[in-house]
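Asker: Can you keep this structure in mind? I'll have questions shortly.
The values are calculated or read from the model by the stated rules, or taken from the named source; none is laboratory data. Quantities reported herein were computed from a predicted structural model and do not represent experimental measurements. Note that we place each Cβ from the backbone using ideal geometry, even for glycine, and neighbour counts take in every protein chain shown.
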Amino acid sequence: MAIQKVGVVGCGLMGSGIAQVCAAAGFPTVVREVSAELVDKGRKGIEKNLNRLAEKGTITEAVKEEIRGRLKGTTSLEDVRNSDLIIEAIIEQLPAKRELFSALDKICPPSTIFASNTSSLTITEMATATKRPQRFVGLHFFNPVPVMKLVEVVRTIATDEAVYEEIVAFGAKLGKTAVRAKDSTGFIVNRLLVPYLLDAIRALEEGAGSIEDIDNSMRLGCGHPMGPLTLLDFVGLDTTYYISQIMFDEFKEKRFAAPPLLKRMVLAGWNGRKSGRGFYDYADPQKPRALKF
Ligand code: 3HC
């Protein structure tokens with residue numbers, strides 16, 4: 001059975017982006033948040049993105065209205081139960097995710113496929129909160145979701161082969177390149193990206209170069225769209241710290257260990273762009289100013 005209707009649980013940065021691309025790809029999409037304020041906030045973010053696309057002429061006003069028409073916000077979990085696929089994008093905490101999937105498992109028909117957008121938690125551990133581990137996958141998107149062309153489609157040892165292929169095809173329908181990954185902590189991207197980002201912090205700690213020089217080196221020397229310290233501020237230092245702890249716990253390898261400076265910045269609340277300060281100061285968001293350590 002092909003996927004026709006999509007449910008997204010969580011309408012933060014990732015959930016709203018996921019809901020936007022699903023609706024843009026033609027899927028009627030219901031997105032659920034815990035409060036009307038959060039539904040509204042997520043919806044406003046999507047509206048802003050769609051308006052920008054229409055102003056640039058990437059989509060017509062008519063297409064914009066069609067996408068808006070396919071999106072429905074709700075605070076009730078019941079409203080996503082008739083979706084063929086439910087994508088979870090809530091807080092990165094295993095107990096919260098297990099609780100959600102257990103609740104969904106009870107109200108959804110047995111045919112519904114469940115997917116998690118987790119970046120580093122184990123998919124198998126979420127699937128076992130349900131009675132349908134064979135219909136459970138990882139679907140890991142990248143920030144900003146409407147722009148980044150990749151989605152990692154993650155299978156566990158219990159995922160049904162036909163279900164998996166259906167989700168790979170779904171990823172392609174969203175206009176993404178769907179890569180196949182196993183349920184190994186960090187999947188493919190974070191397994192490679194996280195040690196690189198942590199190494200950039202170690203390079204700064206050891207005085208290999210200034211913040212700007214480290215960033216310019218990778219941006220201009222290797223053609224990356226952002227240098228590693230800018231990317232850390234963009235992803236969030238708290239998020240990266242959290243992922244590194246999960247990866248270190250799994251692999252016990254030094255390359256996944258959080259450098260002391262990262263820990264101290266997170267303790268100080270310097271979480272990057274979203275908190276106004278990370279490796280750069282964002283008092284003027286148009287002109288980030290590199291800090292000195
Ligand atoms: N939402 C929607 N569209 C956005 C956007 C957003 N938040 N931010 C930028 N865009 C669009 C712009 O409208 C523009 O579209 P156009 O080409 O049609 O005009 C396009 O993206 C380029 O934007 P800008 O010209 O403003 O700026 P840049 O050229 O610097 O691009 C960027 C911004 C796309 C964020 C680019 O810097 C980039 O690719 N950075 C790297 C991002 C990255 O690595 N993401 C992955 C993070 S890891 C992750 O998410 C996994 C997790 O598990 C940690």
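Asker: Working carefully through the options 162, 200, 169, find the one that is within 15 Å of the ligand (Cβ to nearest atom), outside any loop (DSSP other than H, G, I, E, B) and of a type in the set (Gly, Ala, Ser).
Answerer: After ruling out the rest, the residue left standing is 200.
Asker: Here's something else I'd like to know. Filtering the stretch 258-267 down to residues that are away from the ligand (no atom under 16 Å from the Cβ) and not in a loop (DSSP other than H, G, I, E, B), which residue is farthest from residue 200 (Cα to Cα)?
Answerer: Ranking the candidates gives 267 first.
Asker: Can you name the residue in the stretch 127-150 that is buried (at least 18 other Cβ atoms within 10 Å of the Cβ) and in a strand (DSSP E or B) and, of all such residues, is farthest from the chain's Cα centre (by Cα)?
Answerer: Within the stretch 127-150, the match that is farthest from the chain's Cα centre (by Cα) is 136.
Asker: Could you list all residues from the stretch 1-13 that are over 15 Å from residue 48 (Cα atoms) and either within 16 Å of the ligand (Cβ to nearest atom) or within 13 Å of the chain's Cα centre (by Cα) (or both)?
Answerer: Result: 8, 9, 10.
Asker: Only one of these conditions is not met by residue 2: (1) modelled with pLDDT under 95; (2) part of a helix (DSSP H, G or I). Which number is it?
Answerer: (2)
Asker: Which condition number in (1) without any contact (Cβ under 8 Å) to a residue 40 or more places away in the chain; (2) under 26 Å from residue 91 (Cα atoms); (3) acidic (Asp, Glu) is the one that residue 250 fails?
Answerer: (1)
Asker: Looking only at the stretch 43-77, which residues are crowded, with 16+ Cβ neighbours inside 10 Å and not hydrophobic (A, V, I, L, M, F, W, C)?
Answerer: 43, 45, 49, 64, 70, 72, 73, 74, listed by residue number.
Asker: Go through the stretch 116-131 and report how many residues are in contact with a strand residue (DSSP E or B) (Cβ under 7 Å, 6 or more places away or on another chain) and over 22 Å from residue 250 (Cα atoms).
Answerer: 1
Asker: May I ask you to list the residues in the stretch 267-293 that are surrounded by 15 or more Cβ atoms within 10 Å (Cβ to Cβ) and either under 17 Å from residue 235 (Cβ atoms) or of a type in the set (Ser, Thr, Tyr) (or both)?
Answerer: Hits for the stretch 267-293 are 270, 271, 272, 273, 274, 275, 277, 278, 279, 280, 282, 288.
Asker: Right, next: For the stretch 234-243, check the following and say yes or no: at least one residue is more than 12 Å from the ligand (Cβ to nearest atom) and either aliphatic (A, V, I, L, M) or not assigned by TED's automatic domain parsing to the domain that holds residue 144 (or both). Walk me through how you get there before you give the answer.
Answerer: Taking the stretch 234-243 and keeping what is more than 12 Å from the ligand (Cβ to nearest atom), we get none.
Looking for residues that are more than 12 Å from the ligand (Cβ to nearest atom) and either aliphatic (A, V, I, L, M) or not assigned by TED's automatic domain parsing to the domain that holds residue 144 (or both), one finds none in the stretch 234-243, hence no.
Asker: Then there's this: Within the stretch 174-182, does at least one residue satisfy the condition of being under 23 Å from residue 248 (Cα atoms), within 16 Å of the ligand (Cβ to nearest atom) and either outside the structural domain of residue 26 (by TED's automatic domain parsing) or modelled with pLDDT of 95 or more (or both)?
Answerer: Scanning the stretch 174-182, I find at least one residue that is under 23 Å from residue 248 (Cα atoms), within 16 Å of the ligand (Cβ to nearest atom) and either outside the structural domain of residue 26 (by TED's automatic domain parsing) or modelled with pLDDT of 95 or more (or both), so the answer is yes.
Asker: Something else now. Is the stretch 206-219 home to any residue that is closer than 20 Å to residue 121 by Cα, surrounded by 15 or more Cβ atoms within 10 Å (Cβ to Cβ) and out of contact with any Pro (no Cβ under 9 Å at 6 or more places or on another chain)?
Answerer: Initially, the stretch 206-219 is screened for residues closer than 20 Å to residue 121 by Cα, giving none.
No, the stretch 206-219 contains no residue that is closer than 20 Å to residue 121 by Cα, surrounded by 15 or more Cβ atoms within 10 Å (Cβ to Cβ) and out of contact with any Pro (no Cβ under 9 Å at 6 or more places or on another chain).
Asker: Please go through the stretch 184-197 and pick out each residue that is part of a loop (DSSP other than H, G, I, E, B) and in contact with a Gly (Cβ under 8 Å, 6 or more places away or on another chain).
Answerer: Within the stretch 184-197, just 187 meets the criteria.
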